Amino acid sequence: MMGAPTEASALPRNDMRSAYGRALAAFNDLEIEAALETVNAAISQAESSGAGEDPVLASLFLLRAGLRYSLEGSEGRAAVLEDLTRAVTLNYYVVVPLEFRSEELSAFLTEARRMSGRKAPSRIVHKLPEVTCEQDIQFEALLGVPDGGTAVLYWKRASADSFQEVEMEVFSNVAETTVSAPEHGDFDVEYAIYSFDANGQAAYNKGTADQPIVLRLGCKEEEPAVAPTEEIDEAPPMEVIPLPKVWINLGLGTGFGLAKGRAEKTYYQYFPNSPGSQYTPESYACALARWAAGGIDDPLPDPIKFYGADAANPNSASLVGKFGPTVPQQAAQVAGAYDPTKCGTHHPVTTGLAGSPFFIQPEVQVKVMDRLTVSLYGRLQVVSGSKVIRDDPDKDLGSPDFCGDTGIESTGANGTSWCDDIYTADPQSKYRDRPPFTWAVGSKIRYYFLKDTSKIRLFAGGFGGFGQSRLRVDMGFANDTNGNSIPDNREDTNGYFALNPSDASTCFPIFPYRDACANLAEVGGNPDTPVESRTIASQFANSSASAATRYDTVAIGQGFLGGMFGFNYQIMKNFAVFGEIQVGGWFPKNSSFLVDLNVGPAITF
């Protein structure tokens, strides 16, 4: 019987389900013989009570086949095949319990289907229910989807405008539900049945919203809806796809914003003999102090360490005494020009739009209303794009005594900074000064648009939080590999500048070329004897070191606030992809805007 179970068979069907559960529990407790006894009794009771053709009985025959195979193995082949053949005759797509799934039993089941002589029926087996007036309508279907699946009945009175949705109870692959007499009111009924797989995706159907199955009760007169009675297998109607309750998002993104303010890892740079940026004794003082300090975030030397107790007479043990100009008057000029506040200034940024190359944005999102969600997320900028190459700050300063008059190929003791990186035509340092890790945390609120029948849902919302982002800036000049606060591509080949170009006596050295002015005034500004400092300066300025472009960063934050829009595409029940554009303002440091594109997968529940 395929359609509505009679009242007499309803009780045996409940008994069969109960016996199936008890037997399976006994099997899991390794009480196989007790389980087999329970199944045998249930099959005998069902057949004696007139339920011998009930498709639910197929589950008991299949269960008995599995129990027999567990006890007897291949020796019980005949009995196993007999039970399986009876099972597929009653219910071709009967579901094998997880506990009994094996390649051997699967092969037996395939053979049983062949022995039964039956052809594979429609993936939803259904017949019109047998009904009488003033009685409940019992709807039943056999589902041909893996693991039984789930099913939904869409039904309405023939004259009604919209369908009602009822989830059907499924045992094995037998789906059933009831529409009560007061609900249908003895009017003709239109309906469709849909099956769904384990991922909640529509699999097969009988009838559609446009071409429903018509059940004519013949009890009351009414204008029938115009609809064919033929059962049609076609694509399912618009499926209701509610928003998940929880998302675990992993966003990958990039962005851009307005870079302004000052660079993070670049001190104010000097350009010898360039209009508007003339090198001065103060430039020499700042270059020396910055190199001696090491890192750009480290404090600059105090005046006592820089030149001693008297700026007019720098102490020989001070930085100016060791590394300043060899002419006492020029050393005094450097000492007097030293101002730690001015020397600590970073270089201004004027590039405008700049990128925020790559970030990861993990997020946990929770639905709080039908279309509204809130979330907590982090913005972890794993690539800043910074490329600032400078002298190695971890080396000892060294001393000019090791490299001064011994030739430009000399190297310092223990790899000192002066000899290896500063006073040399070929700096050895490949040190890359990177900004710290960039992070931000915040929250979002989203409102979702479009109907619940759409897998793709658009949303708009807002966000805010605390933290920083970094923008990658092309500084427009090269790195400073020899640590003198002059870009490599702006180095002067002479190693000196003249306060008054027409008067050689005003020659002043550029750090670190402390001897570049030696003997220059004596020969009218055109020395006939090479001086080591000028030779090093010339060789370095003409080397390939000046080709590397400097990319620094500008940090924006510590707070941010903005809006966003995007989409969520629910590919399957527990997996989606999303994309969004976030436009926010970041403040108060180097206040700016930032546009982020964020896309990625999401695990949903």
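What to note about this one:
- For region 430-490 versus region 543-605, the gap between their alpha-carbon centres in whole angstrom: 6
- Acute angle (nearest 10 degrees) that the helix 103-116 long axis makes with the longest principal axis of the chain, alpha-carbon atoms: 40
- Convex hull volume of the chain per residue (C-alpha atoms, cubic angstrom): 240
- Straight-line cross-link partners of K451 among the lysines, defined as a Cα under 21 Å from its Cα and at least 8 positions apart when in the same chain: K245, K367, K573.
- Near G324, no amide H atom lies under 5 Å from its own; only residues 5 or more places off or on other chains count, and H is placed 1.01 Å from N.
- 5 angstrom amide H check on Y267, placed H, neighbours 5+ away: H347
- What the pair-distance distribution of region 7-116 shows, using all Cα-Cα distances binned every 10 Å from zero, is 16, 50, 31, 3, 0 percent.
- Since only A309, L243, Q138 are under comparison, the one whose Cα sits farthest along the positive direction of the charge dipole of the chain, derived from C-beta charges on Lys, Arg, Asp and Glu, is A309.
- A cut-off of 5 Å between modelled amide H atoms, ignoring neighbours fewer than 5 places along the same chain, links A548 with N479.
- In Hz, Karplus ³J(HN,Hα) per residue of region 425-440 (6.51, -1.76, 1.60; θ = phi - 60°; x = Gly, Pro): 7, 9, x, 8, 5, 10, 5, 10, 8, 9, x, x, 4, 9, 9, 7
- The listed peptides 164-172, 478-486, 419-427, 319-327, ordered by packing as a protection proxy, come out as 478-486, 419-427, 319-327, 164-172 (highest mean of other Cβ atoms within 10 Å first).
- Annotation: peptides 430-437, 145-152, ranked by per-residue average of other Cβ atoms within 10 Å with the highest first, follow the order 145-152, 430-437.
- Between 0 and 90 degrees, the angle of helix 57-72 with respect to the longest Cα principal axis of the chain falls at about 70 degrees.
- Relative contact order of region 261-340: 27 percent, from C-alpha pairs under 8 Å at least 6 residues apart in sequence.
- Across the cross-link table entries K387/K444; K260/K589; K395/K589; K265/K444, which are compared at the Cα atoms, the separations over 21 Å belong to K387/K444; K395/K589; K265/K444.
- Degrees between helix 77-90 axis and first principal axis of the chain (Cα, 0 to 90, nearest 10): 90
- Under Karplus coefficients 6.51, -1.76 and 1.60, residue-wise ³J(HN,Hα) of region 339-353 in Hz, glycine/proline x: 9, x, 5, 5, 5, x, 5, 8, 6, x, 10, 9, 7, x, 5
- Hits among lysines - C-alpha to C-alpha of K119 under 29 Å, sequence gap 8 or more where chains match: K127, K206
- Contact order normalised by residue count of region 7-116, Cα under 8 Å, 6+ apart, percent: 23
- Between region 323-366 and region 80-113, the Cα center-to-center distance that results, in Å: 77
- Diffusion coefficient (Stokes-Einstein, Kirkwood radius over C-alpha pairs, 20 °C, 1.002 mPa s) for region 450-501: 122 µm²/s, rounded to a whole number.
- Sorted by Cβ density within 10 Å, fewest first, the residues K127, K395: K127, K395
- A prolate overall shape is assigned to region 15-54, the ratio a/c of its alpha-carbon gyration tensor axes (a ≥ b ≥ c) being 1.5 or greater and a/b exceeding b/c.
- Only Cα pairs under 8 Å and 6+ residues apart enter the sum, and on that basis the relative contact order of the chain stands at 11 percent.
- Length released on extending from D210 to I304, taking residue separation times 0.36 nm less the Cα-Cα span: 24.6 nm
- Straight-distance crosslink candidates among aspartates and glutamates, where the alpha carbon sits under 15 Å from K156 and sequence neighbours closer than 8 are dropped: D136, E165, E167, E183, D186, D188, E190, D210, E222, E223
- Note on S74/K573: beta-carbon distance plugged into 1/(1 + (r/R0)^6) with R0 of 45 Å gives a FRET efficiency of 0.70.
- Shape descriptor for region 124-215: Rg over Rh equals 0.96 (Cα atoms; Rh from the Kirkwood inverse mean 1/r).
FYI, it's all coordinate maths here, none of it is from the lab. This one's a predicted model, so the numbers in the text were calculated from it and none came from an experiment. Quick reminder, even Gly has a Cβ in these numbers, built from the backbone with ideal geometry, and neighbours come from all protein chains shown.
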